[in-house]
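The structure under discussion appears below in the form of structure tokens.
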Amino acid sequence: MRLSQRMARLGTETAFEVLVRARALEAKGKSVVHLEIGEPDFDTPPHISAAAAEALRAGATHYGPSAGIPELRQAVAEDSTRRRGVRATPEMVVVTPGAKPILFFVILALVDDGDEVLYPNPGFPIYESMIRYIGGVPVPVRLLEEKGFELDVDQLVSRIGPRTRLVILNYPHNPTGGTIPESGLRAIANAAARFGVPVLSDEIYGRILYGDRHTSIAAMPGMEPLAIVLDGFSKTYAMTGWRLGYGIMPAPMAQVVAKLQTNATSCTATFSQMAGVMALTGDQSSVDHMVREFRRRRDAIVEGLRAIPGFSCVRPKGAFYVFPNITRTGFSAKALADRLLDEAGVACLSGTAFGEFGEGHLRFSYATSMENIEEALRRVAGMLQK
Ligand SMILES: Cc1ncc(COP(=O)(O)O)c(C=O)c1O
């Protein structure tokens with residue numbers, strides 16, 4: 001079959017490819033410690049699963065409205081108003097199968113051929129993939145490792161101009177765990193408002209934070225007509241397989257995104273959405289427990305990586321990834337990631353899987369048991385000593 005030309009511009013998420021390679025090694029009898037995939041190792045809290053089972057029994061097995069069931073749009077709006085301190089209404093909410101479609105739909109809806117989109121690099125690889133696929137021009141904005149991987153706000157602001165159609169932010173950030181301080185968000189909001197540029201704020205890790213409270217750019221003055229928040233259930237409630245996420249945006253934009261959803265998937269599974277209502281309105285202690293446990297693991301993996309010759313490691317402020325600098329080992333990031341998998345049985349990702357500015361780094365997910373983290377550290381140190 002002859003593929004469309006645009007297919008040559010589509011990227012991917014290397015995590016899934018590394019997982020396949022790791023599984024193939026395991027099938028041959030090799031032991032692999034998995035630090036490649038970005039998902040909590042916790043089970044979905046039982047009261048959430050029970051709500052889905054009850055919804056199935058009650059017949060929630062049919063199509064629903066494209067933008068989401070009213071109960072969940074309401075619950076999302078109330079949760080967001082409370083947490084972000086800026087009023088959201090149900091008409092501003094679109095529920096999607098996972099948060100990823102929000103990215104695709106928003107870029108599709110806003111970006112024409114040749115339009116510039118600013119995005120963090122290193123960053124979630126789907127940003128650059130989608131911008132290119134749709135015909136936009138990706139404009140990378142770097143992160144400042146010396147400032148704990150904060151986004152370089154000065155660079156971003158200086159690059160917003162008449163050709164900019166969209167700014168994508170992600171805080172806490174995948175793959176570095178960095179955040180953006182309130183002063184930075186304010187500066188970005190001022191620049192975006194000056195040029196009337198929408199901001200897609202990926203806050204999927206917004207509740208996985210180890211210090212300061214999460215502040216959203218949606219709450220900054222002037223952002224009401226321009227902010228599109230991406231959030232979801234995958235990380236906060238350990239619900240990656242449920243495929244449940246959402247966007248919060250001005251109501252007219254929500255109608256556009258819902259229309260794209262009508263064309264793409266019709267709607268999100270109704271019983272998953274009923275589980276989402278329970279997740280947002282029910283007991284939140286599982287989230288606190290998970291974040292406490294991630295913090296313990298973060299501290300262990302940061303200390304362990306810092307002790308390995310040739311590694312240095314910034315302490316992440318959020319999410320569940322570390323992004324150590326490995327330049328002093330003498331390996332390129334890809335070569336070291338490959339050798340760690342093939343020779344030491346540690347699956348991790350090359351920093352370059354997150355864009356060209358990820359060179360010199362690896363990404364380890366610490367959403368795994370303390371035993372796995374300790375075993376992985378032993379294996380990495382052992383391989384580098386050889
Ligand atoms: C930064 C970022 N945004 C969005 C997503 C997508 O989440 P979901 O699984 O809900 O589609 C991920 C998942 O890894 C992510 O890391």
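The values are calculated or read from the model by the stated rules, or taken from the named source; none is laboratory data. For clarity, every value in this text was computed on a predicted model and none was experimentally measured. Using ideal geometry, Cβ is built from the backbone for each residue, glycine included, and neighbour counts are taken over all protein chains shown. Accessible surface is based on the protein model in full, side chains and every heavy atom, while ligands, DNA and RNA are left aside. Shrake-Rupley method; radii C 1.70, N 1.55, O 1.52, S 1.80 Å.
By a straight-distance test (C-alpha under 20 Å), which lysines pair with Lys30 as possible cross-link partners, with residues fewer than eight away in the same chain excluded?
Answer for Lys30, where 20 Å is the Cα cut-off: Lys386, listed by chain and number.
Rounding to the nearest 20 debye, state how big the charge dipole of the chain is about its Cα centre with +1 on each Lys and Arg Cβ and -1 on each Asp and Glu Cβ. Provide the component values of the computation, followed by the final result.
Numbers: 42 positive and 41 negative charges, 73 e Å.
Here the size comes out at about 360 debye.
What does the charge add up to near Met239, with Lys and Arg as +1, Asp and Glu as -1, over the other residues with Cβ less than 14 Å from its Cβ? Mind dumping the intermediate values first?
Working: positive: Lys100, Arg207, Lys235, Arg243; negative: Glu39, Asp41, Asp43, Asp231.
My count for the surroundings of Met239 gives 0.
Going by accessible area, probe 1.4 Å, with all protein chains left in place, what is the ranking of Val380, Val256, largest first? It would help to have the intermediate numbers written out before the result.
Details: Val380 0, Val256 65 Å².
Ranked list, largest accessible area first: Val256, Val380.
Solvent-accessible area per residue for the chain at a 1.4 Å probe radius, Å²?
Numbers: 16320 Å² over 386 residues.
Counting only protein heavy atoms, the per-residue value for the chain is 42 Å².
Work through the residues other than Arg296 whose Cβ is under 14 Å from its Cβ and net out their charges, Lys, Arg +1 and Asp, Glu -1.
Value of the local net charge: -2.
So what's the range 87-235 giving for Cα Rg divided by 2.2 N^0.38 Å, two decimals?
Ratio of Cα Rg to 2.2 N^0.38 Å: 0.96.
Answer rounded, prolate or oblate for the range 21-175, using the Cα gyration tensor with square roots of eigenvalues a ≥ b ≥ c: rounded when a/c is under 1.5, else prolate when a/b is larger than b/c, else oblate. Walk me through the numbers before you get to the answer.
On the way: a/c = 1.83, a/b = 1.19, b/c = 1.54.
Since a/c reaches 1.5 but b/c is at least a/b, the shape of the range 21-175 is classed as oblate.
Work out how far the C-alpha atoms of the range 197-318 reach from end to end along every principal axis, then list the three figures in whole Å, largest first.
Cα spread of the range 197-318 along its principal axes, largest to smallest: 53, 36, 27 Å.
Answer rounded, prolate or oblate for the range 1-101, using the Cα gyration tensor with square roots of eigenvalues a ≥ b ≥ c: rounded when a/c is under 1.5, else prolate when a/b is larger than b/c, else oblate.
Details: a/c = 2.00, a/b = 1.52, b/c = 1.32.
Prolate, since a/c reaches 1.5 and a/b exceeds b/c.
Name the residue, out of Val106, Val20, Val153, whose mean-square fluctuation peaks in a Gaussian network model built on the chain with Cα pairs under 10 Å.
Val20
With r defined as the distance between the Cβ atoms of Ser183 and Glu224 and R0 fixed at 25 Å, what FRET efficiency is calculated, to the nearest 0.05?
Once the sixth-power term is evaluated, E becomes 0.80.
Excluding residues fewer than 8 places away in the same chain, name every one of the lysines whose C-alpha is closer than 25 Å to that of Lys100.
The qualifying lysines are Lys235, Lys259, Lys317.
Run the numbers for Ser4 and Arg23: contour at 0.36 nm per residue of separation, minus the present Cα-Cα distance, in nm.
On the way: separation 19, 0.36 × 19 = 6.84 nm, distance 3.15 nm.
My answer for the length gained is 3.7 nm.
Rounded to the nearest 500, what is the 222 nm mean residue ellipticity of the chain from helices alone, with -39500 (n - 2.57) per DSSP H run of 4+ residues and division by all residues? If you can, show how the numbers build up before the last one.
Working: 12 runs with 154 residues, N = 386.
When only DSSP H runs of four or more count, the value is -12500 deg cm²/dmol.
Express in nm, to one decimal, how much length is gained between Phe16 and Glu91 on full extension, taking 0.36 nm for each residue of separation and deducting their alpha carbon distance.
Gain in length upon complete extension: 23.5 nm.
Suppose R0 equals 41 Å. What FRET efficiency, 1/(1 + (r/R0)^6) with r the Cβ-Cβ distance, do Asp288 and Asp154 give to the nearest 0.05? All intermediate terms of the calculation are to be shown ahead of the outcome.
Values: r = 35 Å, r/R0 = 0.86.
Calculated value: 0.70.
Modelled label-to-label distance, Asp338 and His47, 7 Å Cα→beta-carbon offset: nm?
5.0
Using only the heavy atoms of the protein chains and a 1.4 Å probe, how would Thr268, Thr327 rank by accessible area, largest first?
On the way: Thr268 5, Thr327 85 Å².
Putting Thr268, Thr327 in descending order of accessible area: Thr327, Thr268.
For the chain, report the convex hull volume of the alpha-carbon atoms normalised per residue, in Å³, without decimals.
Numbers: hull volume 57.5 nm³, N = 386.
Hull volume over Cα atoms, normalised by residue count, gives 149 Å³.
Can you give me the orientation-averaged projected area of the convex hull built on the Cα atoms of the range 167-240, in nm²?
Working: hull surface 19.7 nm².
The Cα convex hull of the range 167-240, projected and averaged over all directions, gives 4.9 nm².
With label points built 7 Å along Cα→Cβ from the Cα atoms of Met370 and Phe195, find their separation and express it in nm.
The answer from the label model is 4.8 nm.
On average, how much area does the Cα convex hull of the range 20-70 cover when viewed from any direction, in nm²?
Details: hull surface 26.5 nm².
Over all viewing directions, the range 20-70 projects a mean Cα-hull area of 6.6 nm².
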